[in-house]
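One structure below.
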Amino acid sequence: MTRFGGPDVLEFGEVERPSPISTEVLVRVVAAGVNPVDCKTRRGEGVARWVAPPPFVLGWDVCGVVEAMGYGVARFAVGDLVYGMPRFPRAAGAYAEFVTAPSLQLARVPAGVSPIEAAALPLAALTAWQCLVDAADLREGQTVLVHGASGGVGHLAMQIASSRGACVVATGGRADREALATRDADVALDLVGGPDTLALVDTLRRGGVLLAVADGATDEVRRAAETRGVRVVEPLVEPDGRALDEISMLVGSGSLKVSIDKTFPLERAAAAHERLERGGVRGKLVLEVSHR
Ligand SMILES: NC(=O)c1ccc[n+]([C@@H]2O[C@H](COP(=O)([O-])OP(=O)(O)OC[C@H]3O[C@@H](n4cnc5c(N)ncnc54)[C@H](OP(=O)(O)O)[C@@H]3O)[C@@H](O)[C@H]2O)c1
């Protein structure tokens, strides 16, 4: 990207290969996942202010092979297949043939999982994990409402919640509002935002948790939550190789499966962004990286 703007600002070109410093690994990228935050950053919104002014290489979700390691890396060996979402919300440059990453921000890809599936997982699965497990401490028998469950984060959040023995109520697309009539839920995961965030406050019991993932919470939402005794959390996902290890275990045991809607070659990253911004994607979009 040499400027912020529409999908056409994503140009395919040559940049220098990065080199790993101490505690970092150099990853030969096989696939890179696409997330809504990539589109927001491309437009100059969201975390763009921390990524740096263009030119920069977009992207966070990555899967590839460890090509080299800086001093001090004990977690991996050259040749390991790894995945992660390094450096977020600073730039990681995952839409590329090579990236460097702090080793603790990556994990080994579990057996039986393809690089495309692995590249689709980190940002969405870590968001779901950090919300449901770390922030809400979701327990067996609790009820969680997942609003926007058909998308990248939502379809993984439902499975993580189920794996913890929670009861899941979900909305599966724009026209689906029935679940918003839920009452006395323990946790609401808001992946849609806008006016629906306020409606979600009413779905929760006193002492329940609203995870305002998509847009955060307005003052109106905060006031309503305070009146009803609901805790509001505005999470921002963070790189976490140890939590990725837990996610790997769920994937490895068959409790968590990522759904791939479509793949695009890296050269067609702009088409992937157009597709995501059009809506109606079920699961994840992934860029496949071929090396010349
Ligand atoms: N704070 C953080 O750290 C963090 C981390 C990850 C994601 N996010 C944000 O969270 C949101 C979701 O992320 P994602 O990766 O899951 O995005 P996504 O893959 O685009 O999924 C969003 C889903 O919500 C559905 N949806 C849209 N409007 C809806 C409505 N009114 N009712 C029910 N479902 C509706 C969409 O269905 P249709 O396409 O059919 O409309 C889509 O399946 C995005 O805004 C993203 O930027 C924040």
*Amide H partners (placed H, <5 Å) of residue 99, local residues excluded*: 27, 29
*Mean residue ellipticity (222 nm) of the chain, computed from DSSP H runs ≥ 4 via -39,500 (n - 2.57), nearest 500*: -7000 deg cm²/dmol
*Name the residue, out of 190, 61, 215, whose mean-square fluctuation peaks in a Gaussian network model built on the chain with Cα pairs under 10 Å.*
215
_Cut-off 10 angstrom, C-alpha nodes, Gaussian network model of the chain. Which of 74, 119, 107 fluctuates the most?_
74
*Work out the P(r) tail for the stretch 220-292: percent of alpha carbon pairs separated by more than 19 Å, whole number.*
65
*Tell me, what % of the accessible area of the chain is carbon and sulfur with a 1.4 angstrom probe?*
50
*Report P(r) for the chain: all Cα-Cα distances, bin width 10 Å, range 0 to the bin holding the largest distance, values in whole percent.*
7, 29, 34, 22, 8, 1
*Taking every pair of alpha-carbon atoms in the stretch 2-63, what share in percent sits in each 10 Å bin, from 0 to the bin with the longest distance?*
19, 48, 31, 2
*Which value results for Rg/Rh of the stretch 114-243 when Rg is the Cα radius of gyration and Rh the Kirkwood radius based on the inverse mean 1/r?*
0.95
_Computed log₁₀ I(q)/I(0) - Debye formula, equal Cα scatterers, no solvent, the stretch 49-113, q 0.15, 0.24 Å⁻¹_ = -0.48, -1.05
*Hey, got the dipole for the chain? About the Cα centre, +1 on K and R Cβ, -1 on D and E Cβ, debye to the nearest 20?*
140
*With every protein chain in place, what's the accessible area of residue 87 (1.4 Å probe, Å², nearest 10)?*
60
*Per residue, what accessible area does the chain have, given a 1.4 Å probe and all protein chains present, in Å²?*
44
_Nearest-0.05 FRET efficiency for residue 22 and residue 215, computed from C-beta distance (R0 35 Å)_ = 0.35
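The values are calculated or read from the model by the stated rules, or taken from the named source; none is laboratory data. All figures in this text were calculated on a predicted structure; none of them were measured in a lab. Backbone-built Cβ (ideal geometry, glycine too); neighbour counts: all protein chains shown. Protein only, heavy atoms only, side chains kept; ligands, DNA and RNA dropped before computing areas. Shrake-Rupley method; radii C 1.70, N 1.55, O 1.52, S 1.80 Å.
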